[in-house]
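Data first, discussion second: the structure below is written as structure tokens.
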Amino acid sequence: MPGSLPMDYTIQLANALSKNDETKVKLLVYNISSLDKELLDGVYSKVELYLTEKFESPLFNPKNFINPKNFIVLCKIIKEIYNFNPDIIHTQAFTKIDILILPFMHRYPIITTIHDPEPHTGEADLLLQFIKNYLIKHLNHIFVHGEKLKEIMINKYKIPESKVSAIPMGEHNVLPFMRYIKKGTKIKCENCTILFFGRIGRYKGLEYLIQAESIISKNIPHVKIIIAGEPVKKFDMDKHKKMMDNDKYIVYNRCINWEFGAELFQKASVVVLPYIEATQSGVIPVAYAFKKPVVITNVGALPEVVDDGRTGFIVPPKEPEALAEAIIKLLKDERLRKEMGRAGYKKLKTDMSWDKISKMTIEVYKNVLTTHSLCPDQV
């Protein structure tokens, strides 16, 4: 199971799969970030971990592409996989490294979890899209996080329905945050506090939360809005900060570590995702883990993991009035917030549990192995 991003998802899935006595898991990790290094402590002993040397990047820079060090690292990865001789290779997302590794793996059936079937607004990468278009045609099976995303994969890439499975995202990113609760850093929830969390790009719809703020403030004068996350390249954060023309906002424009993230989720009364487009989001399961209600927009597969009126509210995208109305309703009703928080936590531990996902995944593995026949030009 090669892994790069998202690292927590890859580790938790590997751990869950390793609980099955018939399954032997090797987790191959390359180009891990400094933030994700601490996650490796959570890899179960039954999972065989191989941490590669780091590639010199950007990988497809002419100088780095012919760099002997990169060639040596690539050969070591291929050798490691050959020595393990897996029945199946399961990759997480697509990276530019995959285009170099997978052509040597034609002897094995290959499954990929595609977290974003389409690039987010303002984040298109032509080279990565070319890699995705090429590799998708040669995969044995694809996982996506929602029926809506399954439709996109089938229609956009002309893939047979039988080759695509929708599975929940699971308790993605939950453990890295929650372990700080176990260390005794429990912090009291602050009344009337809205949390917008995660990397900030155009598709996140931050401007609509800012527009909703004036409506919210008229009804709840003491409201606070925490905006925590690092802006992606080409995102004009300065323009958005100029729209925040009062003291209602607390802004942390940086990469948020797990400990500080845990603090922010504990403080929040409600977690808001005003996205204008989306696939899925790891913010929702984290909110559920902290027993926080969510307000999301009806985009992508987000509504598939939120029970409207039970674990949160679903509103139309690009409508600050509807967004404000849902937030106000929650901030004014502590009992409703607690009820929704408990319902979200229950959903996380049942519908979105790793045990459920691992069973679904293993069933697909078995089906792929049954139907797979070796083909020398598979990739």
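The values are calculated or read from the model by the stated rules, or taken from the named source; none is laboratory data. All figures in this text were calculated on a predicted structure; none of them were measured in a lab. A quick note on method: Cβ atoms are made from the backbone with ideal geometry, for glycine too, and the neighbour counts reach across all protein chains shown.
Just to be sure I understand, how many residues within segment 56-76 are more than 26 Å from Ser18 (Cα to Cα), at pLDDT 75 or above and out of contact with any Leu (no Cβ under 8 Å at 6 or more places or on another chain)?
Within segment 56-76, residues that are more than 26 Å from Ser18 (Cα to Cα), at pLDDT 75 or above and out of contact with any Leu (no Cβ under 8 Å at 6 or more places or on another chain) number 7.
All but one of (1) surrounded by fewer than 19 Cβ atoms within 10 Å (Cβ to Cβ); (2) at pLDDT 95 or above; (3) not aliphatic (A, V, I, L, M) hold for Asn257; which doesn't?
Result: Asn257 passes all but (2).
If I filter segment 166-220 down to residues being basic (Lys, Arg) and free of Cβ contacts under 8 Å to residues at least 24 places away in the same chain, which single residue comes out as nearest to Lys248 (Cα to Cα)?
Here the residue is Lys218.
Is it true that Phe130 is aromatic (Phe, Trp, Tyr) and within 21 Å of the chain's Cα centre (by Cα)?
Criteria not met by Phe130.
Counting only residues that are within 19 Å of the chain's Cα centre (by Cα) and surrounded by 18 or more Cβ atoms within 10 Å (Cβ to Cβ), give me the helices (runs of 4 or more DSSP H) lying completely in segment 265-353 with at least 1 of them.
In segment 265-353, the matching helices (runs of 4 or more DSSP H) lie at 283-289, 334-349.
Being in contact (Cβ under 8 Å) with a residue 60 or more places away in the chain and in a loop (DSSP other than H, G, I, E, B) is the filter here, so list the residues in segment 135-158 that pass it.
His138, Asn140, His145, Gly146 - these are the residues of segment 135-158 that are in contact (Cβ under 8 Å) with a residue 60 or more places away in the chain and in a loop (DSSP other than H, G, I, E, B).
Residue by residue, here is whether (1) out of contact with any strand residue (DSSP E or B) (no Cβ under 9 Å at 6 or more places or on another chain); (2) assigned by the TED database to the domain that holds Ile114; (3) closer than 27 Å to His145 by Cβ holds:
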site	(1), (2), (3)
Phe197	no, no, yes
Arg202	yes, no, yes
Gly205	no, no, yes
Ile216	no, no, no
Asn219	yes, no, no
Gly229	no, no, yes
Lys239	yes, no, no
Val272	no, no, yes
Ile276	no, no, yes
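Restricting to segment 103-138, and then to whatever is of a type in the set (Asp, Glu) and out of contact with any Phe, Trp or Tyr (no Cβ under 8 Å at 6 or more places or on another chain), can you tell me which residue is farthest from Val164 (Cα to Cα)?
Once the filter is applied, the top-ranked residue is Asp125.
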